[in-house]
Amino acid sequence: MQTIGVLGGMFDPIHTGHIRAALAALDNGADRVLLAPCQTPAHRPSAAASAQQRLDMCRLAAQAHPGLEASDIELREETCYAVDTVRLLKRQYPGARICWIVGADKLATLPHWHKAGELFSLCEFWVCPRPGEDAHGSVPGAQLRVLPLPPMQASSGMVISALHAFSDAETLLPHDVARYIAANGLYQPDYAAFLAARGMSESRLAHTLGVRETAVALASWHGACMQRASVAAMLHDLAKPLPLSEMQKIARKYALTLPDDMLQDANLLHGPVAAAIAQHEMNVQDAEILSAIACHTTGKPGMSTLDQVLFIADAIEPNRRDYPGLSEMRALAAHNLKGAVLLSMQRTREYVLSQGHRFCPLTESAMLDLANKEELS
Ligand SMILES: [Fe+2]
Ligand SMILES: [Fe+2]
């Protein structure tokens, strides 16, 4: 007889606590465990992930663990209540034993679940201990079994707090879930709306989203913080729509100390000005993010991995029209970040000099620094 565990919930987002509970069910006799996100409540907070995104995250979390699978069963119209889901599973898997995995904090509510009597006759309840909750209570008519695992400490709230502090919540999130969250900007302020309100065009917004996607992938491969890469990418061009005179005004307002060649060139100035706006007007107080935004066009000596990630993501994001060296840079960036940044700067220098312009001295010193580090590595 097949034993199917069902772990339902918001999964907003799924975290290691959920996964431990599902794995404990597999260890204790379930042949498979369905991670089944429930429907979105009517009064959903605006920062929450959509049902599809919650299901996607369950899929990513499940893929590393044979026996775990994401299921949309609780998202269908016909499964309003747990009893509907269990009935449907009984039809799909005749003779299967269904075990509903439930937190100890929910035990007292079980008798009030829809058609509780019928539900109790159709499935068992496997109880996950929770801090401060009695997992060994009894519920008349229900078959209960306590899963032997320590009380769950993780929560989605803890995950979101860690993300807001610009971390990838490594101890709470599977890497692929953290990457999905960063790549899609989940649980962040609505930066796209903020940029649109500041006059960013649709094509620049598409570029920005392309930079985010690329920066998060590069951060994942090269060991930088994906959440920081995501936020830095979203804000890197926020000053780009401004005229030079406005950028200069903002540079003066926030007392930016910049060389004259940068103050006279919108292309060189929009990075430092974007960082100043992010810091002073959007309350982004993370030095690594601000540094990456500030130097995304010019580079600088001593670029961090995050600085390099944003610099090259800006140059190679998928919406970029082809230009000399682009495919080479894309291939290089996957395994040699420094080399790709250096190549990008070399190409820019060739172009700038061919146009009879002066090359940015800050980029020149960034190139020297990167070349020295390349030699040493
Ligand atoms: Fe830019
Ligand atoms: Fe850009």
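The values are calculated or read from the model by the stated rules, or taken from the named source; none is laboratory data. The model shown is predicted, which means the values in this text are computed figures rather than measured ones. Cβ: placed from backbone, ideal geometry, glycine included. Neighbour counts: every protein chain shown.
List of remarks:
- Restricting Asp261, Asp237 to residues that are surrounded by fewer than 20 Cβ atoms within 10 Å (Cβ to Cβ) and either within 15 Å of ligand 1 (Cβ to nearest atom) or modelled with pLDDT under 95 (or both) narrows the list to Asp261.
- Test result for Ala255, within 16 Å of ligand 2 (Cβ to nearest atom) and of a type in the set (A, V, I, L, M): no
- Residue check for Val309: within 14 Å of ligand 2 (Cβ to nearest atom), touching a residue at least 40 places away in the same chain (Cβ under 8 Å) and farther than 22 Å from Ser203 by Cβ: yes
- Flag if Leu149 is within 30 Å of Glu133 (Cα to Cα), touching a residue at least 12 places away in the same chain (Cβ under 8 Å), in the same structural domain as Pro111 (by TED's automatic domain parsing) and in a loop (DSSP other than H, G, I, E, B): yes
- Residues in region 129-175 that are at positive phi, surrounded by 15 or more Cβ atoms within 10 Å (Cβ to Cβ) and small (Gly, Ala, Ser): Ala169 alone.
- Residues that are farther than 24 Å from Pro131 by Cβ and of a type in the set (Asp, Glu), drawn from region 21-79: Asp31, Asp56, Glu69, Asp72, Glu74, Glu77, Glu78
- Some residue of region 204-216 being within 11 Å of ligand 1 (Cβ to nearest atom), among the small types (Gly, Ala, Ser), assigned to a helix (DSSP H, G or I) and under 29 Å from Asp168 (Cβ atoms): no
- In region 16-108, counting only helices (runs of 4 or more DSSP H) that sit wholly within it, the ones holding 2 or more residues that are out of contact with any helix residue (DSSP H, G or I) (no Cβ under 8 Å at 6 or more places or on another chain) and loosely packed, with under 14 Cβ neighbours inside 10 Å span 82-92.
- On the stretch given as region 302-327, residues that are away from ligand 1 (no atom under 16 Å from the Cβ), modelled with pLDDT of 95 or more and among the charged types (D, E, K, R) total 0.
- Selection from region 109-123 of residues that are within 15 Å of Val6 (Cα to Cα) and either in contact with a His (Cβ under 8 Å, 6 or more places away or on another chain) or part of a helix (DSSP H, G or I) (or both): Leu119, Phe120, Leu122
- One residue stands out among those in region 313-339 that are under 20 Å from Arg228 (Cα atoms) and surrounded by 17 or more Cβ atoms within 10 Å (Cβ to Cβ): the one that is farthest from ligand 2 (Cβ to nearest atom), which is Lys338.
- Verdict on Ile277 being in contact with a Lys or Arg (Cβ under 6 Å, 6 or more places away or on another chain) and within 15 Å of ligand 1 (Cβ to nearest atom): no
- Looking across region 177-203, the residues that are more than 13 Å from ligand 2 (Cβ to nearest atom), in a helix (DSSP H, G or I) and loosely packed, with under 15 Cβ neighbours inside 10 Å come down to Ala193, Ala196, Ala197, Glu202.
- Taking region 280-301 as the range and being farther than 22 Å from Ser344 by Cα and either free of Cβ contacts under 8 Å to residues at least 40 places away in the same chain or within 11 Å of ligand 1 (Cβ to nearest atom) (or both) as the test, the residues that pass are His280, Glu281, Asn283, Gln285, Ala287.
- Only one entry of Ala229, Ala266 meets the criterion of being away from ligand 2 (no atom under 11 Å from the Cβ), hydrophobic (A, V, I, L, M, F, W, C) and in contact (Cβ under 8 Å) with a residue 40 or more places away in the chain, and that entry is Ala229.
- Which numbered condition Thr171 fails, given (1) in contact (Cβ under 8 Å) with a residue 40 or more places away in the chain; (2) in the same structural domain as Met10 (by TED's automatic domain parsing); (3) β-branched (Val, Ile, Thr): (2)
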